[in-house]
Amino acid sequence: MAQVLVVTSGKGGVGKTTSTAALGAALAHDGTKVVVIDFDVGLRNLDLVMGAERRVVFDLINVINGVAKLPQALIRDKRLESLHLLPASQTRDKDALTEDGVAKVIDELRTKFDWIICDSPAGIERGATLAMRYADAAIIVTNPEVSSVRDSDRIIGLLDSKTAKAERGERIDKHLLITRYSSSRAARGEMLSIDDVLEILSTPLLGIIPESQEVLRASNVGSPVTLSNPLSAPARAYFDAARRLKGEQVSMSVPSETRSIFNRLFARKAA
Amino acid sequence: MSLFNFFRRGSAPIARERLQILLAHERNAGSHPDLLGVLREEILAVIGRHVTIEPDKVQIKMDRGKTVSTLAVDIEIPNRDQLPDGVPRYSRLMFDAGRDDGSLELKGSGI
């Protein structure tokens, strides 16, 4: 049965789009059918992070308005056959995104895909509430930093009250994904620790993504980090998180960059 | 990929070029209409005048490049005559616009 996930955070710039792309590719790696949807109408970026920006023909709003059929708007990833993207529109008119329209698109996607991952815009406005509206489960992306944790708490409140599942009296599954984490800085007491964040938000942990230059490199070249460098620390952390989403028991650790002598020798060149 | 990384000076130049191409197209979109979008609509309208096009039988692909962009429209058109067993015949029309030499290629095929 299809699972609808929303990747949300409240605060901007914490890694929602990066995480959507990385998890989407990690889930699709074994041929599982995955679609990632950009809900950031007017400011789309998932296409750019996925490296499909030159191939966008139609978008989510076109499908909702009936200008295009869903299969025409879906962009198949060039590297992974089972991974698809539904881009957001660049129109300034955010009202074009309607609740009924989103419901229809999600229903149709449920018949075609195993995982439907909705990349929420920042904030708590229409785009963000519609991205979470029909989700079965939510991934809350949080940086170990005060404003991000506070906004995550706010979003958790919305997930428990404003989603279709919550309104039916059911509980929406919530998973916390901590990104840009630095073990050394947390150990020195310069950064909130994982335990601090978990205690404050009391939400189950899905994964810990270490701060890494590989994430910037991946977005530079337009590839999910799980495809551009699958052995890098952040990619391994995303693969672990994807396995947990599929229900596997994976012990929680913060992957670190393995540095062989060869790697160290070329470290400067590779940077 | 990692081996490839050793032989180049980082990924920033790739990011720079991708952004330049994308923003050139997005900035143009405001002042004059997207040529490929117009071509797409007109091609479909012309075909639609003669036969009923089923939206599901149309595939459209675009690739916005630095100097050249391409538009590929692939339309399945039901033939008027039927095969003996009653299965409708289809033809396919393919347009490929914006090729390197500026030509518009038209291909047709019958099944």
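What follows is calculated from the coordinates using simple rules that are stated; it is not laboratory data. Keep in mind the model is a prediction, meaning the values are calculated, not measured. Heads up, the Cβs are rebuilt from the backbone with ideal geometry, glycines too, and the neighbour counts pull from every protein chain shown.
Annotations
- Matching residues in the range A:60-86 - criterion: being surrounded by 19 or more Cβ atoms within 10 Å (Cβ to Cβ), within 12 Å of chain B (Cβ to nearest Cβ) and part of a loop (DSSP other than H, G, I, E, B): A:Ala68, A:Leu74
- Residues within the range A:87-103 that are loosely packed, with under 15 Cβ neighbours inside 10 Å, among the charged types (D, E, K, R) and either in a loop (DSSP other than H, G, I, E, B) or under 22 Å from the mean Cα position of the chain (by Cα) (or both), tallied: 3
- Figure legend. Inter-residue proximity from the range B:12-28: first residues within 8 Å of chain A (Cβ to nearest Cβ) and assigned to a helix (DSSP H, G or I), second residues of a type in the set (Lys, Arg) and surrounded by fewer than 13 Cβ atoms within 10 Å (Cβ to Cβ), beta-carbon distance below 6 Å, spacing 6+ or different chains. Indicated pairs: B:Ile21/B:Lys66.
- Among residues that are more than 14 Å from chain B (Cβ to nearest Cβ), farther than 16 Å from B:Ser11 by Cα, over 13 Å from the mean Cα position of the chain (by Cα) and of a type in the set (A, V, I, L, M), A:Ala241 is not included.
- Extreme residue, nearest to the other protein chains (Cβ to nearest Cβ), among residues of the range A:186-213 that are buried (at least 20 other Cβ atoms within 10 Å of the Cβ) and closer than 24 Å to A:Ala52 by Cβ: A:Ser212
- Residues satisfying the stated conditions in the range A:176-193, i.e. among the hydroxyl-bearing types (Ser, Thr, Tyr) and in a strand (DSSP E or B): A:Thr179, A:Tyr181
- When restricted to residues that are facing another protein chain (nearest Cβ under 8 Å) and acidic (Asp, Glu), the range A:45-59 contains 1.
- In the range A:29-54, residue nearest to A:Val225 (Cα to Cα) [restricted to those that are in contact with an Asp or Glu (Cβ under 6 Å, 6 or more places away or on another chain) and of a type in the set (D, E, K, R)]: A:Asp47
- Verdict on A:Arg54 being surrounded by fewer than 17 Cβ atoms within 10 Å (Cβ to Cβ), closer than 23 Å to B:Gly65 by Cβ and either free of Cβ contacts under 8 Å to residues at least 24 places away in the same chain or in contact with a Ser or Thr (Cβ under 6 Å, 6 or more places away or on another chain) (or both): no
- Scan of the range A:5-33 for residues that are surrounded by fewer than 24 Cβ atoms within 10 Å (Cβ to Cβ) and over 18 Å from A:Leu216 (Cβ atoms), ordered by number: A:Lys11, A:His29, A:Asp30, A:Gly31, A:Thr32, A:Lys33
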